[in-house]
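Notes for the one structure printed next.
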Amino acid sequence: MTDDAIADPATDYASMVHSGAVMAGPHVRGACARHLRDLVEGPDRGLVWDPASAARAIEFFHMILRLNGGEHEGRAFELLPWQAFIVGSLFGWKGADGYRRFRVAYIETGKGSGKSPIAAGIGLLGLTADKEPRAEVYAAATKKDQAKVLFRDAVAMVEQSPALTDRLHMSGRAEKTNIAFPKTGSFFRPISTEERGRGQSGPRPHIALLDEIHEHPTNAMVEFMRAGTKGRTQALIFMITNSGSDRTTVCWEYHDYGAKVCAGDLQDDSFFAYICALDEEDDPFRDETCWPKANPSLGVTFTEKYLREQVTQALGMPSKQNLVLRLNFCRWTEAETAWIGKQVWDACEEPGLRIEDFYGSRCFGGLDLSGKNDLTALALIFERDGRFYTFMEYWTPGDTLIDRGDRDRVNYVRWRDDGYLTAPPGKTVNYRFVASRLAELSADFEFAAIGYDRWRIDLLRQELEEIGVELPLVEVGQGFKDQSPAIEALEEMIFAETLRVAPTPVLRWNVASAAIEEDAVGNRKFTKQKATGRIDGAVALANAAKMLSEDVTEGSSVYETRGVLYI
C-alpha cells in the first residue's frame, strides 16, 4: 500500500480547521496551521511525516481498546477527529533520526472532553505496541488519588479488551496498582508527588502521563519525569489539564509556551500543544455558537443541555461564573486582570513605519531602566495629524542572553539578530550604550519630555553627564497615583485608534504580558506579580503617553508645574 492510499485523519482534521469547516479556537487553529506548514517546510529541518505510523496508532485505539462507563461500556474506542489529530501527530511525526519528533505534549480542553481516556490509551499503546523493551509507563499526579483516576481508565480498558486481557497481567491488593506486559518486561503504574523518592530508584519513563497540571503547585513532578527520559530514544511526556486560575503556576507556563509555539512565535520541533480556547470577542454566556471551540467533544461525551445548565447557574450565581468559564470554556479566570487584548493591540500596529520620517519632529519619550534580568526600554511618541506614532528601543545584558531567553521562554538571540534589541557585553545593562543612543536621538529630534522611573536613574545620569548631554527628564512614580493617569493616557490613544506602532515582537510580548491591579478608589498600575512575562516596554510607553498628555492638557509645557530636570 502506498502512502497516497493510507488514510490520514490528522492532516484531514488540520485541513478542515484551517479551511473553517471545523470550528476551533485560536490556538487549535495555530496548531493545525503549524501541521500543514510543516508538511511543506518540515523536511528542510529533518522532519518527516509518516502517515502509516499515524494510522497504526489511531487504529490501535479502534481495534484494541474499549471504552467503559455508562452507555459507552464495551464500545470500541473510536477517536474523534480532534483526538485523532493529537494521536496521529504524536506518532506520525518523526525526526531525521527516525524516532518520534515530539517529546512533550500539552493538552488543554474543557471539562468532560475525554482527556483521561485518550491519555490512558496512549499509555497502553506505549506499553504494548511501541516496540520499547522494558518500557516504563506512569500515570503521574500531585496526589495519589488523582494519579489513580487516569490509571483506573487504563485498568478498565484492559478489562474490556480481549486483545489486552490475555497479554497483560494486573496486580494489586485492594485495587489494581500495576499493569505488566511480561513479553517485554514492561509495566504501567500510577505515581504521585507524595510517593516519589521513597527509597526506590528514579523512574525511566517511556511514557509519562501527567494529569490535571493546573493543580500542580510546582514543576517538581514534570521535571522528575523528564529527568528520567534522557536514556529513552523516543520518550513522551503527555500532559492533560483543564484551564487554571493562577498565572504563576507551571500549568500557565506550559499553556503560554504552547500558545506561542502554535502561533509560530516560538519554534520548538519537540513540543506539541493542543490548547482549546475561545476567541477574545466570544461570550459563551450569550452565544452558544462558540462552545465547540473549548469543547471539541460536545455532543458526544456530553450534551449542549449540560452546558446550558452550567451557564444558567453561572448567570444566576456570579460567584460561579469564573469556575464555569475556566472548566467549561477554557478561559483562564485571571484573564480579567490582563491589560490589552491581542486583537485590540494588533489594530495599533502599522507595518512600514520608519523613524527616519520623523527627523526634526517634536518627540515625547518614556524610559524604564533595568538591571540584570529585565529589559531597559525606551518609547518614542511623535504626534502628527491627530495620530501618535510610536517606536521602541530595547537594551539587555549580552552575556546572559541565552539563559534568560530560556527562562523567559522567548528568543532574545533572534530579536537581537533581527535588530529589535541591543545586547551589549556584560551581565548587567551598560548605561553608556543607552546614554550614547539618547545623545544620537537628541540630535535627530526635539525631545519635549522623557518620563522615567527613578530606579537606577542615577547610573544613567552619570553616563549622560560624562558625554555632556542635557535631556528634559521628568520623573513618573510607579505607584497608583502616577501610573494610573499614565495608563489612562495610553489607553485613550489605543481605544481611540490613534496610536500607531512600528511592529516589534518585543513590545507585542510586553503588552501581552502586562496585567493591571487596582486600589480601593479605582486607581490602577502595572503589576509584575501577575504579569506573564516582561512588561518593561509597556511601562515605558505609558510613561511617554503621560508626558504627551500632560503637555497637551497643560496647554504650553509640562514643566510649568513639574519643572524640568536637566542633566
For this session: Could you sort 250-256, 414-420 so that the peptide with the highest average Cβ count within 10 Å comes first and the rest follow in order?
Result: 250-256, 414-420
Seminar exercise, completed: Sparse-neighbourhood loop hits (trypsin sites (Lys or Arg not before Pro), the range 307-407; DSSP loop; Cβ within 10 Å at most 10 others) -> ARG354
Exercise. Can you give the direction-averaged projected area of the convex hull of the alpha-carbon atoms in the range 128-248, in nm²?
Worked result: 8.2 nm²
Seminar exercise, completed: Taking a probe of 1.4 Å and leaving out DNA, RNA and ligands, the chain shows per residue an accessible area in Å² of 43 Å²
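Would you work out the charge dipole size for the range 356-486 about its Cα centre, treating the Cβ of every Lys and Arg as +1 and the Cβ of every Asp and Glu as -1, and quote it to the nearest 20 debye?
That gives the range 356-486 a dipole magnitude of about 420 debye.
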Problem set entry | Alpha carbon Rg of the range 208-322, scaled by the compact-globule rule 2.2 N^0.38 Å | 1.27
Problem set entry | Loop-located GluC sites (Glu not before Pro) in the range 46-151, at most 12 other Cβ atoms within 10 Å (DSSP) | GLU73
Problem set entry | the chain, relative contact order in percent, only Cα pairs under 8 angstrom and at least six apart counted | 13 percent
Seminar exercise, completed: Taking only protein heavy atoms and a 1.4 Å probe, the highest-to-lowest accessible-area order of GLU281, GLU393 is GLU281, GLU393
Problem set entry | With DNA, RNA and ligands ignored, accessible area of GLU356 (1.4 Å probe; Å², nearest 10) | 90 Å²
Exercise. Largest first, how would HIS214, HIS169 line up by accessible area (1.4 Å probe)?
Worked result: HIS169, HIS214
Problem set entry | Two-decimal ratio, the range 52-123, of alpha-carbon radius of gyration to 2.2 N^0.38 Å | 1.16
Exercise. Over the range 48-97, what relative contact order in percent results from Cα pairs under 8 Å that are six or more residues apart?
Worked result: 52 percent
For this session: Please state the charge dipole magnitude for the chain, taken about the Cα centre, from unit charges on C-beta atoms (+1 on K and R, -1 on D and E), reported in debye and rounded to the nearest 20.
Result: 2720 debye
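For each pair in LYS111/LYS260; LYS144/LYS372; LYS176/LYS260; LYS143/LYS305; LYS305/LYS342; LYS111/LYS530, compute the distance between the two Cα atoms and list the pairs where it is over 30 Å. Working shown, then result.
Numbers: LYS111/LYS260 23 Å; LYS144/LYS372 41 Å; LYS176/LYS260 40 Å; LYS143/LYS305 32 Å; LYS305/LYS342 32 Å; LYS111/LYS530 25 Å.
Distance filter (> 30 Å) returns LYS144/LYS372; LYS176/LYS260; LYS143/LYS305; LYS305/LYS342.
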Exercise. Considering the Cα trace of the range 389-536, what is its radius of gyration and what is Dmax, both in angstroms?
Worked result: 16.5, 45
Exercise. Of all accessible surface on the range 249-383 at a 1.4 Å probe, what whole percent is carbon and sulfur?
Worked result: 48 percent
For this session: Note down the relative contact order for the range 336-426 as a percent, whole number, built from C-alpha pairs under 8 angstrom at least six residues apart.
Result: 19 percent
Exercise. Kirkwood Rh over Cα pairs of the range 1-109 into Stokes-Einstein at 10 °C, 1.306 mPa s: D in µm²/s?
Worked result: 107 µm²/s
For this session: Show that you can apply the helix-only estimate: for the chain, add -39,500 (n - 2.57) for every DSSP H stretch of four or more residues, divide by all residues, and state [θ] at 222 nm to the nearest 500.
Result: -12500 deg cm²/dmol
Exercise. Near GLN462, within a Cβ-to-Cβ distance under 15 Å, what is the net charge of the other residues, with Lys and Arg +1 and Asp and Glu -1?
Worked result: -1
For this session: Calculate the translational D of the range 349-427 in whole µm² s⁻¹ from Stokes-Einstein, where the hydrodynamic radius comes from the Kirkwood formula applied to all Cα pairs, the temperature is 10 °C and the viscosity 1.306 mPa s.
Result: 113 µm²/s
For this session: Determine the sum of side-chain charges near ALA129: Lys and Arg each +1, Asp and Glu each -1, restricted to other residues whose C-beta is under 14 angstrom from that of ALA129.
Result: +2
Problem set entry | Carbon/sulfur fraction of accessible area - the range 61-194, other protein chains in place, 1.4 Å, % | 50 percent
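The values are calculated or read from the model by the stated rules, or taken from the named source; none is laboratory data. Keep in mind it's a predicted model, so treat the numbers as computed, not measured. Please note: Cβ atoms are built from the backbone with ideal geometry, for glycine as well, and neighbour counts cover all protein chains shown. Note: areas computed on protein heavy atoms with side chains; ligands, DNA, RNA excluded. Shrake-Rupley method; radii C 1.70, N 1.55, O 1.52, S 1.80 Å.
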